[in-house]
1. Within region 244-272, can you find the residues that are part of a loop (DSSP other than H, G, I, E, B) and either surrounded by 18 or more Cβ atoms within 10 Å (Cβ to Cβ) or modelled with pLDDT of 90 or more (or both)?
2. Among what's in region 273-283 and is free of Cβ contacts under 8 Å to residues at least 60 places away in the same chain and open to solvent by less than 60 Å² (accessible area, probe 1.4 Å), pick the residue that is farthest from Ser317 (Cα to Cα).
3. Can you tell which of Leu290, Leu316 is over 15 Å from Arg228 (Cα atoms) and open to solvent by 60 Å² or more (accessible area, probe 1.4 Å)?
4. Is region 205-212 home to any residue that is surrounded by 15 or more Cβ atoms within 10 Å (Cβ to Cβ), more than 25 Å from Asp156 (Cα to Cα), in contact (Cβ under 8 Å) with a residue 60 or more places away in the chain and not acidic (Asp, Glu)?
5. Could you please let me know if Arg338 is surrounded by fewer than 16 Cβ atoms within 10 Å (Cβ to Cβ), out of contact with any Ser or Thr (no Cβ under 9 Å at 6 or more places or on another chain), of a type in the set (Lys, Arg) and farther than 20 Å from Pro200 by Cα?
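The values are calculated or read from the model by the stated rules, or taken from the named source; none is laboratory data. What you see is a predicted model; the values in this text were computed from it and never measured. When we count neighbours, we look across all protein chains shown, and the Cβ atoms used for this are built from the backbone with ideal geometry, even at glycine. Only protein heavy atoms, including side chains, enter the accessible area calculation; ligands, DNA and RNA are left aside. Shrake-Rupley method; radii C 1.70, N 1.55, O 1.52, S 1.80 Å.
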Amino acid sequence: MTSETVGRQSSSYRQGLVLGLTMAEIMLLLVFCLLIAVGVALSSERAKRDDALLRLKTVETAAARNEAAIKTIRGNARLAELLDRAAKFASQREIDDFWRKLVESNDAVARMEKQGVTLGALQEESSYAAKLRQLISEGIDPDKIARGVALAAAIDALVAERKLGNLTPQEIAALIDKGIEASKPTPDDSDRKKGHNWPPIINLSEAGGYFFATGSAELTPNFAAELRTVVVDRLLEIAESYDVDVIEVIGHTDEQPVNGRLSNLDRSLASVTTAGSGAGILQWADNAGLGLARALSVVERLSADSRLRNFRILPLSAAQLIGTDGRLTRWDSHGDVRERRRIEIRMRKSV
């Protein structure tokens, strides 16, 4: 093959080329570029669609919440009326005032529930609440009412126990007055000379009507009411007469053994005495622990009274060691002795 023939063939091959590419290759390249452009456009549209769907979902959720709120509001006739009036250009101030009252009412109900008064009880006993409010407005102290009820219950129990049903109310009042006079601290002059002037001990036994819940250190309502009224008043009288500032609460038990219980006193006493946990969380495995748990329940109640805030109130346990005569027990009574199950409260001067 001659060089002339090769030159003709090469010239023929270069015909129809653009930048060294044939028309077919150029068309393929254009198609590829178009596909890339279309892909980018589709991706952008897909992102816009997803964003639009997300916003639509958000709007639908908000609309559903608004619809539920509207249904709830429509269930309240007063609120529905206010909304209708708002739709008719009612005063914004009036709407704000209604919402403020609604929030305040909700806060008041929450505070009542924290104090143990449920909304249902408040609705059912609203008449009693109104009567109580009327008594307060007339200057009558509810604590004095509770004290009067507790005193009446104690008197009725004593009358029944001592079989004094034949006495008239005037005769019972005279006996009480005589007992009060006899119980007032009257230090003997000879004791003063000897430096022996001890305050009287307050004895709160089951036999006297001061009960704990069975197998528990929890105070019964009547016992708690007595502590808050009669006992605190008596402590203040003794403190004024003897110039004392320490109150010792001693838990006593009878000789009945405590069986089948586990104690958490070592773990839980700190949380009761320093962290504000109630004495009701305590568990004991013996009479010493039971006496201490019950003493702590009484200390907890007395410490909550603002009138005793300047006193040091201490819990102690004597278990079953000390009888009602103030002597060491003779271990000759293993049964149910109500007089032995008691709380004794004594007062002294701090060192």
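1. Answer for region 244-272, where residues must be part of a loop (DSSP other than H, G, I, E, B) and either surrounded by 18 or more Cβ atoms within 10 Å (Cβ to Cβ) or modelled with pLDDT of 90 or more (or both): Val244, Asp245, Thr253, Asp254, Glu255.
2. Checked region 273-283; the qualifying residue farthest from Ser317 (Cα to Cα) is Ser277.
3. Just a single option satisfies the conditions, and that option is Leu316.
4. Checked against the condition, which is being surrounded by 15 or more Cβ atoms within 10 Å (Cβ to Cβ), more than 25 Å from Asp156 (Cα to Cα), in contact (Cβ under 8 Å) with a residue 60 or more places away in the chain and not acidic (Asp, Glu), region 205-212 yields no hits at all.
5. Answer is no for this residue.
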